[in-house]
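To start, the structure itself, in structure tokens.
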Amino acid sequence: MAETINIAKMAEKLSKGIFTEFLWGRMEHTNINWPCENQETHEVKTHPSDVVFWYDEPYSQSRTYVNCDLKSYAKGTIKTQTIRDAIESLAKSLRCAEISQDFSDTYIHPNVSANIQGLLFVYNHDNEYDKEFAKILEKLKCDDLDIPKGSKIVVLGPEDIYWLNNVHHEIIHLRGGAGLLPERDHCKFYYPHLVRKKNVQLENAKAATLDMLTAPWIIMSYVNPKKGSRKGFVVFMRKRGITTDEFLYLIEYLMHYQVIEAETAVTIRLVDPHLNASANFAKAKDQYISDYQGGDDLRQILDAIDFGKLEHVRTTFCELELSRQ
């Protein structure tokens, strides 16, 4: 049965606030239980959908629907078996969702190629987010899960939510207080043309996909109409910049896909930069220029990058903050 208690509502409001800034759509119906299509095997009569988000895929003509199980746990109740049970329940719901007329009628838009994924959102409501959650996931054995071909289940633990929540608040700050970002209509998340994959939905695929949200960095692009339609990028880097190689890898990626160019504003933000992060970034720029025999022009472009820490890092969540979302 879908969770409806107040603590669960906190996870619902938090997820809405986060994914709205990542440009996900959100279906109207929440906390719905729809009929199981295989009751004898699944041993349940219904499957829950706390909330279903959606976004268009950049590299295919399909729309992804994210069936979310929103969990609110105290730190002491985040156990391996609890997480395993939640993942198993999501797997069963995915198997039924692909053939369920009830699910389709409630959540799937007409005339789209639907791609249904599962998301377990584990929110730690006592404000003591657990950095050991990765160890819990390492203990899980999920090889026996019956997940449809092409589907997957993504688990966002307390530390992941901490990261994404801070990125979403920084986006709000950069748009409002800092005045760097324009309104959402002029922003989208960046997907380059790859060797074997072309971005086929340049206009529709503006959201950050699940793959991007679980990657080492999140890249947003924008065109600011208030600043002469200047093009820019904001890179949110999850790693702390402990080594020079972390930044060198990022610079090589951004240069390869022509993100870093003259007349293009590039901003890099870290949530919790290492003490030596700034120095390591400087050394990475020096090394890149040396490796590729760049001159003063390349130096000027790299030095123009705005590098720094997120302005207002949030280490806790509170009911007052969530009530405003």
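The values are calculated or read from the model by the stated rules, or taken from the named source; none is laboratory data. Treat the numbers as computed from the prediction; the structure is a model and nothing was measured. Every residue, glycine among them, receives a Cβ derived from its backbone with ideal geometry; neighbour counts consider all protein chains shown. To get the accessible areas, we keep the full protein, side chains included, count just its heavy atoms, and leave off ligands, DNA and RNA. Shrake-Rupley method; radii C 1.70, N 1.55, O 1.52, S 1.80 Å.
Here are some notes:
- Protection proxy ranking, highest mean first, for peptides 288-301, 62-75, 241-254: 62-75, 241-254, 288-301, where packing is the per-residue count of other beta-carbon atoms within 10 Å, averaged.
- For the stretch 1-110, the residue among Ser89, Thr64, Ile78 whose Cα projects farthest onto the positive side of the dipole built from Cβ charges is Ile78.
- Estimated FRET transfer efficiency (Lys139, Lys197; beta-carbon r; R0 35 Å; 0.05): 0.55
- Full-extension gain in nm, Ile289 to Glu159, via 0.36 nm per residue minus C-alpha separation: 43.3 nm
- Kyte-Doolittle mean at least -0.5 and Cα axial length at least 20 Å: DSSP H helices in the chain: 6-21, 80-97
- For Cα Rg over 2.2 N^0.38 Å, calculated from these coordinates, the label among [x] 0.98; [y] 1.06; [z] 2.16: [y]
- Working ranking of peptides 146-152, 87-93 by packing, defined as the average number of other Cβ atoms within 10 Å per residue, highest first, is 87-93, 146-152.
- The Cα atoms of the stretch 189-238 define a convex hull whose projected area, averaged across directions, is 4.3 nm².
- Cβ-derived FRET efficiency at R0 35 Å, Ser113 paired with His256, nearest 0.05: 0.70
- Here the Kirkwood formula, the inverse mean of 1/r across different C-alpha pairs, assigns the stretch 81-164 a hydrodynamic radius of 14.4 Å.
- Helix-only CD estimate at 222 nm, as mean residue ellipticity for the chain, using -39500 (n - 2.57) per DSSP H run (n ≥ 4): -10500 deg cm²/dmol
- Summed over the residues of the chain and divided among them, the accessible surface reaches 51 Å² per residue at a probe radius of 1.4 Å.
- With every protein chain in place, the chain: carbon and sulfur % of accessible area (1.4 Å): 47 percent
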